[in-house]
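Below is one structure, written out as structure tokens, with a few remarks after it.
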Amino acid sequence: MRSLHRLVAAAVIMCSTAAVAQQAAPEQPADAAQQKAVDEAYLGRCQTAASKDLCACVVAVADSQLEDPTERQVFFDFMMGDVDKAKTARSLFGPQKNAQFNAKLQKADVMLGERCDRLKPQPKQ
């Protein structure tokens, strides 16, 4: 798995606020079943490339910052290196949601460093 910080930073930089002329759709309340499905799909993919603890840590960070299942999916796609898929999904966000998502990603990036970096395998010297 690529460096967690670089992927999240790339997500923030590559996906700046959409055109201001667009109207943001009102956010729908998070669907717990959909959120669980997104989390389980991510865990299944993540655990083929990283430890169970590291993958669970990333989900815990998402729990604290990203309630919306669509935002979680974009975050997880970035985390797995599926940048094109994440950018395509994120392009559908309105300007307000996109700006809010940027702020959430920045907070998540800090949390990933504080909570999850210690779980990454250390390179052999």
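Taken together, the values in this text are just the output of simple stated rules run on the coordinates, not laboratory data. Keep in mind it's a predicted model, so treat the numbers as computed, not measured. Cβ: placed from backbone, ideal geometry, glycine included. Neighbour counts: every protein chain shown.
All alpha carbon pair distances within the stretch 60-125 were sorted into 5 Å bins beginning at 0; the resulting P(r) in whole percents reads 4, 16, 25, 25, 15, 8, 4, 2, 1, 0.
Along the stretch 83-89 the Karplus relation, 6.51 cos²θ - 1.76 cosθ + 1.60 evaluated at θ = phi - 60°, assigns HN-Hα couplings of 5, 4, 4, 5, 5, 5, 5 Hz to successive residues, with x for each Gly and Pro.
Applied to the stretch 62-79, the Karplus parametrisation 6.51 cos²θ - 1.76 cosθ + 1.60 on θ = phi - 60° returns per-residue 3J(HN,Hα) values of 4, 4, 7, 10, 10, 7, 5, x, 5, 5, 4, 4, 4, 4, 5, 4, 4, 4 Hz, with x for Gly and Pro.
Ranked by Cβ crowding within 10 angstrom, fewest neighbours first, how are LYS107, LYS124, LYS36 ordered?
Details: LYS107 14, LYS124 4, LYS36 11.
If I rank by nearby Cβ atoms, fewest first, I get LYS124, LYS36, LYS107.
Could the peptides 112-121, 97-106 be put in order, highest first, of the mean number of other beta-carbon atoms found within 10 Å of their residues? Let's see the in-between values first.
Values: 112-121: 14.5, 97-106: 17.9.
Order by mean packing, descending: 97-106, 112-121.
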